[in-house]
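Down below is the structure, laid out as structure tokens.
The values are calculated or read from the model by the stated rules, or taken from the named source; none is laboratory data. All values derive from a computational prediction rather than experimental measurement. In this analysis, Cβ positions are derived from the backbone assuming ideal geometry, glycine residues included, and neighbour counts consider all displayed protein chains.
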């Protein structure tokens, strides 16, 4: 059973307010850092006290309000930005990684992240024009109208002002003990949301700093796109099963609020995606030859398709494609054009069910859960 443990955070979420700074364990602080103009509202940065300073997990994105909130949160624990000795990054999305470079410049602390996140940095934040060009190509293959392909691929530029590309000082591997004095923090590689997403399991206290991998209310976006692995949803589902086996008393996510009942939450998410896969397969059976774009715009979302715009629409298309690729790997769907990454630039990827006459079920060796 899932139980909300961050009651003050939950109340603030319902009231659409910023939650309080909290000491959730002796020496372990939760610091909300605002995210303007997003449905997520804030990212929760965690600070672990050290004998000579503090280590933080994630940093927020680079805005004056975020910097002020992180500074104020550290001050409640008796620290300044200059006391930061380590910046552990769950993944390099701007709301987690954006301020890391500025924190390091202020403190001299080291930045640590997974190798695959480090490898994605040049393509994500360096050669932006090339990334946008690749994004337009895959959106065209997904069946996006030409004018929308350009607009949606170009939405990546919106992220550049809120993130500073900072090369890591340390690469963190799966299963590695981080070596923070007074703590027993072990890295858990959980690809899916991004290729090198990390959770951090503090084994002494039994808490899991889950980043975006496991959230209490929603499923993170798992998209197939040029910077992702070929089958990200399969990796995400396998990663869910992996963390579900950990000895965890409380989950400290990067968004929303703390909760207990990790194994039950994992089961819910797996079932959620399994249902979503079955729903997508049913649409392919009734609409053989539909493109990824056509399937995405016909799938149910939290809001009508006409209200999903910009980056969110691109994410919805990528998430639909991730589910299609898992259906392909399960032998349930095929595309005559082959892989979206190898098809001709102007060739639209279209999808058909392999055994359309059989009862519809997306179940396979890897369980799945539905898209948000």
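A compact table of results
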{"item": "Condition met for residue 82 (touching a helix residue (DSSP H, G or I) at 6+ places or on another chain (Cβ under 6 Å), touching a residue at least 24 places away in the same chain (Cβ under 8 Å) and not in a loop (DSSP other than H, G, I, E, B))", "result": "yes"}
{"item": "Meets criteria (surrounded by fewer than 22 Cβ atoms within 10 Å (Cβ to Cβ) and over 22 Å from residue 89 (Cβ atoms)) for residue 4", "result": "yes"}
{"item": "Residues of the range 26-64 satisfying the condition of being over 18 Å from the mean Cα position of the chain (by Cα) and within 21 Å of residue 8 (Cβ to Cβ)", "result": "26, 27, 28, 29, 30, 31, 47, 48, 49, 56"}
{"item": "So residue 215, is it in the same structural domain as residue 28 (by TED's automatic domain parsing), at pLDDT 95 or above and farther than 27 Å from residue 272 by Cβ", "result": "no"}
{"item": "Residue in the range 212-231 that is buried (at least 23 other Cβ atoms within 10 Å of the Cβ), assigned to a strand (DSSP E or B) and in contact with a strand residue (DSSP E or B) (Cβ under 7 Å, 6 or more places away or on another chain) present", "result": "no"}
{"item": "Unmet requirement for residue 263, which otherwise passes all of (1) touching a residue at least 40 places away in the same chain (Cβ under 8 Å); (2) within 21 Å of residue 188 (Cα to Cα); (3) surrounded by fewer than 17 Cβ atoms within 10 Å (Cβ to Cβ)", "result": "(1)"}
{"item": "Residue under evaluation residue 10, criteria (1) more than 27 Å from residue 196 (Cα to Cα); (2) within 22 Å of the chain's Cα centre (by Cα); (3) crowded, with 19+ Cβ neighbours inside 10 Å, criterion not met", "result": "(3)"}
{"item": "Top-ranked residue in the range 267-297 [being crowded, with 23+ Cβ neighbours inside 10 Å and within 20 Å of the chain's Cα centre (by Cα); ranked as farthest from residue 316 (Cα to Cα)]", "result": "269"}
{"item": "Enumeration of residues in the range 41-65 that are exposed (fewer than 15 other Cβ atoms within 10 Å of the Cβ) and in a loop (DSSP other than H, G, I, E, B)", "result": "51, 52"}
{"item": "Meets criteria (crowded, with 22+ Cβ neighbours inside 10 Å, under 23 Å from the mean Cα position of the chain (by Cα), closer than 17 Å to residue 255 by Cα and in contact (Cβ under 8 Å) with a residue 60 or more places away in the chain) for residue 91", "result": "yes"}
{"item": "Flag for residue 246 being more than 23 Å from residue 100 (Cα to Cα) and not in a loop (DSSP other than H, G, I, E, B)", "result": "no"}
{"item": "Set 115, 85: member being surrounded by fewer than 22 Cβ atoms within 10 Å (Cβ to Cβ), at pLDDT 95 or above, under 24 Å from residue 187 (Cβ atoms) and within 24 Å of the chain's Cα centre (by Cα)", "result": "115"}
{"item": "Complete set of residues in the range 121-141 that are within 25 Å of residue 174 (Cα to Cα) and either surrounded by fewer than 20 Cβ atoms within 10 Å (Cβ to Cβ) or not assigned by TED's automatic domain parsing to the domain that holds residue 34 (or both)", "result": "121, 122, 123"}
{"item": "Boolean, residue 100 is within 23 Å of residue 38 (Cα to Cα), within 21 Å of the chain's Cα centre (by Cα) and crowded, with 17+ Cβ neighbours inside 10 Å", "result": "yes"}
